[in-house]
Each structure stands twice: as C-alpha cells, then as structure tokens.
1. Under the condition of being over 11 Å from residue 86 (Cα atoms) and touching a helix residue (DSSP H, G or I) at 6+ places or on another chain (Cβ under 7 Å), which residue from the range 103-117 is modelled with the highest pLDDT?
2. Taking only the range 146-164 into account, find how many residues are surrounded by fewer than 16 Cβ atoms within 10 Å (Cβ to Cβ), within 30 Å of residue 52 (Cα to Cα) and at pLDDT 95 or above.
3. So residue 108 passes all but one of these: (1) in the same structural domain as residue 74 (by TED's automatic domain parsing); (2) farther than 19 Å from residue 52 by Cβ; (3) touching a strand residue (DSSP E or B) at 6+ places or on another chain (Cβ under 8 Å). Which condition number does it fail?
4. With the condition kept exactly as written, say whether any residue in the range 90-97 is surrounded by 18 or more Cβ atoms within 10 Å (Cβ to Cβ), touching a strand residue (DSSP E or B) at 6+ places or on another chain (Cβ under 9 Å) and either within 15 Å of residue 56 (Cα to Cα) or not assigned by TED's automatic domain parsing to the domain that holds residue 74 (or both).
5. Is it the case that residue 12 is surrounded by 13 or more Cβ atoms within 10 Å (Cβ to Cβ), part of a loop (DSSP other than H, G, I, E, B), within 17 Å of the chain's Cα centre (by Cα) and modelled with pLDDT under 85?
6. Could you tell me which of the residues 120, 103 is in contact (Cβ under 8 Å) with a residue 40 or more places away in the chain, surrounded by 17 or more Cβ atoms within 10 Å (Cβ to Cβ) and within 15 Å of residue 58 (Cα to Cα)?
7. Can you spot a residue in the range 149-167 that is at positive phi, assigned to a loop (DSSP other than H, G, I, E, B) and assigned by TED's automatic domain parsing to the domain that holds residue 56?
8. Can you tell me which residues in the range 169-190 are farther than 21 Å from residue 81 by Cβ and in a loop (DSSP other than H, G, I, E, B)?
C-alpha cells in the first residue's frame with residue numbers, strides 16, 4: 001500500500017482548509033470574501049473546469065508547496081500522467097481563457113515512498129494526453145503479455161511501470177528498486193480515449 005508522505009498530507013490539508021473557507025455556497029467558481037483576502041493575502045478562486053482528470057506533465061516539471069511562482073519546489077518529474085485534485089486561479093481573474101494564473105493540485109506516482117507525491121503545478125506545464133504525444137509518456141505504461149527480461153529471460157508481469165528508453169531497449173522500473181531491461185515493442189501505453197473520458201467535474 002502506498003503511503004502519502006507527511007508533507008503531502010500537510011499540503012493537501014492546508015489547501016482544502018484554505019479553499020473550503022474561501023468558497024461560497026452553491027458550487028461553481030467562487031470568490032473569497034474581503035475578510036478572507038485580508039486574512040490570507042493573495043486573491044484566489046477555486047475553479048471548476050471541464051477537462052480530463054488525468055493530464056500529462058511536460059519535461060522537468062517540479063511540484064510546489066503552494067500555487068505561487070515564489071513557492072518552494074521539489075520532486076522534478078517528466079512526462080507522467082498525474083491526477084488533478086483541484087484547480088485554482090491566482091491571477092487574470094477577468095480573463096477566463098487565460099491559463100496564466102491557473103494552478104492544479106496534482107497527485108503523482110513516486111517510485112520512492114519517502115518522496116512527496118502531492119503538489120501544485122502551473123497549467124502551462126500540463127499537456128492533454130493524445131495519440132500524437134503518448135510515446136513521450138514515462139508513467140504509467142504496461143507490458144505486453146509474455147514480456148521477458150532481455151538479460152535473464154525472466155517473464156516480467158508488472159502493471160503500471162515507469163519506462164526509460166535507451167538506444168535499442170527499454171528499462172522498466174517499479175517500487176523497491178526493481179528494474180528490468182525489455183524490448184521497446186513490449187511497452188503498452190494507456191488508451192487515450194479511456195484516459196480522457198474521466199473528467200475533472
């Protein structure tokens with residue numbers, strides 16, 4: 001069983017408390033009251049968007065403790081499918097089509113259980129998962145039935161592995177430092193339609 005780290009729980013708890021306090025009754029896009037702005041400083045709006053719940057991160061993306069460019073960053077990640085938990089806007093409130101100022105609270109897989117797996121990411125780092133870009137995905141991918149380790153001949157049956165491609169082979173990894181060298185032809189990507197059918201709201 002995966003354990004969400006203490007720091008990740010702290011980020012999520014503070015975020016939920018803050019945005020629950022700021023939200024008005026009735027759902028939808030909400031605006032904090034002036035008293036809440038005085039208490040918490042920057043103006044923040046909790047957003048509801050019709051978009052996939054799972055999005056792909058770009059290259060060398062870092063998580064942040066808060067939805068701010070000045071926030072401390074941690075855990076650099078490239079080309080993972082991550083799960084959106086919440087969306088907020090911190091700027092350009094009168095320009096709903098402008099992605100600047102939009103942030104997503106995401107959950108992401110980590111091979112190392114000691115690393116934080118929840119954090120904030122600016123929307124500019126999100127990419128919709130498509131047929132055209134799915135070959136960039138590093139996690140999660142699956143393996144074809146009958147996939148074997150190229151060095152030992154051992155059958156590899158893991159689900160949802162992390163993949164790194166070399167010149168003529170792929171290295172698949174799982175928790176606990178387990179790795180196998182396999183054929184790139186044995187890598188199976190998540191179905192694009194299925195991934196995008198699950199919506200944020």
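1. 117
2. Result for the range 146-164: 1.
3. (2)
4. Among the residues of the range 90-97, not one is surrounded by 18 or more Cβ atoms within 10 Å (Cβ to Cβ), touching a strand residue (DSSP E or B) at 6+ places or on another chain (Cβ under 9 Å) and either within 15 Å of residue 56 (Cα to Cα) or not assigned by TED's automatic domain parsing to the domain that holds residue 74 (or both), which makes the answer no.
5. no
6. When all the criteria are applied, what remains is 120.
7. Within the range 149-167, not a single residue is at positive phi, assigned to a loop (DSSP other than H, G, I, E, B) and assigned by TED's automatic domain parsing to the domain that holds residue 56.
8. Within the range 169-190, 169, 176, 177, 183 qualify.
The values are calculated or read from the model by the stated rules, or taken from the named source; none is laboratory data. Remember, predicted model here, so these are calculated numbers, not experimental data. Cβ coordinates were reconstructed from backbone atoms using ideal geometry, including for glycine residues, and neighbour counts include every protein chain displayed.
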